[in-house]
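Here is the structure we will look at.
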Amino acid sequence: MKTLRDERRMARLTLALLICSVAAFPAQAHEGAEGLQGGFVSGFTHPLYGWDHVAAMVAVGIWGAFLRQPAIWILPIVFPLVMAIGGALGVMGVPLPFIEPGIAASSIVIGLAILAAWRAPLWLAGLIVGLFAIFHGHAHGTELPGSANAMAFAGGFVIATGLLHLIGIGFGLAVDRPGGRIALRGAGGIIAALGVAFLFGLV
Amino acid sequence: MRWALALIAALLLAGGAEAHTSIEGAEGFFRGLAHPVMEPMQGVLAGSFGLLAARAERQAAFRALVLAFALAVLAALVTALVFNAVLVPTWVLASGVLACGLGLAAFRHVPGVVPLGLALIAGPVLGSNAVSEGAAGQLATSLGSLAGASVMAIYLGGLGTWLAEREARLDWLHLAPRIAGAWVAATAMLVLAFAVQGGGG
């Protein structure tokens, strides 16, 4: 007879397999943005090449875990959508000012929010994250290669961003463990310091 | 033990990949069957619709919704074949994907009218986009596309139903299709932007 423990184990295994299958991509001898495979790989690796993007995406996930329900799941749902709006503006060539400072500021602000263990109201947290999502999305949109397969590139890009969020949430779940809260707040401080370094071009 | 036996059976039954089928004219059908995979927008549209149908307030409505979707695809295919219609542009397909993704992200339990309406819109869009160009094997390829899209909707809908059945014990499972819907909608937005800009292959 299946117990709740068995059900949870199956659910965790299924989730892990799903993440692995989504994260896996075929070995290939040739690189390039053209075609389905190349477009997906190019899109998937795009957010990973900028440490300022990686830091901010993980920070969003950690902050969401800090804020607990419902922020922990609202942020991974809302952020990709708002980021895609920014990305669409970038693709269409709509100019936005202060993109790079905005991206650096996202690491600073969200990092400090984690450091201070700031449990902002949901609407305010959503506003802050949404604003920075526009900057990140716009930056990605302007950098997209023209030869890329649109669907494959966009899919890879969105999945990579979402997985970074989930990694941040995974780290953030340590908030309930002994010493986890302090470790996460320390990580927030490091992310904020990185943001300052990005802002002044030190990294 | 059962998993090990299933794996052994799968390995023993595997055959060599063959470039050509022995049934004359069947290649077009298989080409159409693979269409939702080769044209990811179509596959994502069918799959996200299946997940959305699985979130219907009444689970019994799932079968009716998938059937409505398949019939809508068929109607569009027949219309396109008979009237030799032009392929639906990318932005229309992307809009259908966006609608399905947003519906999936926004609702934990979807009122039945939402997926029904999307079936009547997304089905014809997918069907019109799935008609193969060229006269040779058009019917077989189109029927293959219908089968491929329906299989995608059924399997992803089945996954959605499986998740929904376990939500009573593991409440966080409801987030999986919602997050998937957000990712699908975000991807569709970017594809729309590419289409408007006139680029992106």
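Keeping to region B:5-39, report how many residues are surrounded by 10 or more Cβ atoms within 10 Å (Cβ to Cβ), over 30 Å from B:A94 (Cβ atoms) and at pLDDT 75 or above. The total comes to 4. Summed over region B:154-201, residues that are in a helix (DSSP H, G or I), closer than 30 Å to A:A88 by Cβ and of a type in the set (G, A, S) total 11.
How about region B:31-90: which of its residues are farther than 25 Å from B:H109 by Cβ and among the basic types (K, R)? Once the filter is applied, which keeps residues that are farther than 25 Å from B:H109 by Cβ and among the basic types (K, R), region B:31-90 yields only B:R31. Inside region A:80-136, can you point out the residues that are within 19 Å of A:G64 (Cα to Cα), within 14 Å of another protein chain (Cβ to nearest Cβ) and touching a Gly at 6+ places or on another chain (Cβ under 8 Å)? Within region A:80-136, A:P80, A:V82, A:M83, A:A133, A:I134, A:H136 meet the criteria.
Looking only at residues in region B:151-201 that are among the polar types (S, T, N, Q) and at the interface with chain A (Cβ under 7 Å from one of its Cβ atoms), the one that is least open to solvent (accessible area, probe 1.4 Å) is B:T187.
Matching residues to (1) within 28 Å of B:V37 (Cβ to Cβ); (2) at pLDDT 90 or above:
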{"site": "A:G141", "(1), (2)": "yes, no"}
{"site": "A:N149", "(1), (2)": "yes, no"}
{"site": "A:G162", "(1), (2)": "yes, no"}
{"site": "A:G180", "(1), (2)": "no, no"}
{"site": "A:G186", "(1), (2)": "no, yes"}
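Checking every residue in region B:83-92 against the condition of being assigned to a helix (DSSP H, G or I), closer than 16 Å to B:G157 by Cβ, open to solvent by 10 Å² or more (accessible area, probe 1.4 Å) and modelled with pLDDT under 90 gives zero matches. Looking only at residues in region B:40-75 that are open to solvent by less than 30 Å² (accessible area, probe 1.4 Å) and more than 15 Å from the chain's Cα centre (by Cα), the one that is nearest to B:L173 (Cα to Cα) is B:R55.
When region B:124-144 is filtered for residues that are modelled with pLDDT of 75 or more and either among the aromatic types (F, W, Y) or in contact with a Lys or Arg (Cβ under 9 Å, 6 or more places away or on another chain) (or both), the ones remaining, listed by number, are B:A140, B:T141, B:G144.
Conditions (1) open to solvent by less than 10 Å² (accessible area, probe 1.4 Å); (2) assigned to a loop (DSSP other than H, G, I, E, B); (3) at positive phi, marked per residue:
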| site | (1), (2), (3) |
| --- | --- |
| A:P80 | yes, no, no |
| A:G87 | yes, no, no |
| A:P95 | no, yes, no |
| A:P101 | no, no, no |
| A:A105 | no, no, no |
| A:G111 | yes, no, no |
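The set of residues from region A:188-203 being hydrophobic (A, V, I, L, M, F, W, C) and open to solvent by 30 Å² or more (accessible area, probe 1.4 Å) comprises A:I190, A:A193, A:L194, A:V196, A:F198, A:L199, A:F200, A:L202, A:V203.
The values are calculated or read from the model by the stated rules, or taken from the named source; none is laboratory data. These figures come from a predicted structure and were not determined experimentally. Here Cβ is always computed from backbone atoms with ideal geometry, including for glycine, and neighbour counts include all displayed protein chains. Keep in mind that these areas ignore ligands, DNA and RNA; they rest on the heavy atoms of the full protein, side chains included. Shrake-Rupley method; radii C 1.70, N 1.55, O 1.52, S 1.80 Å.
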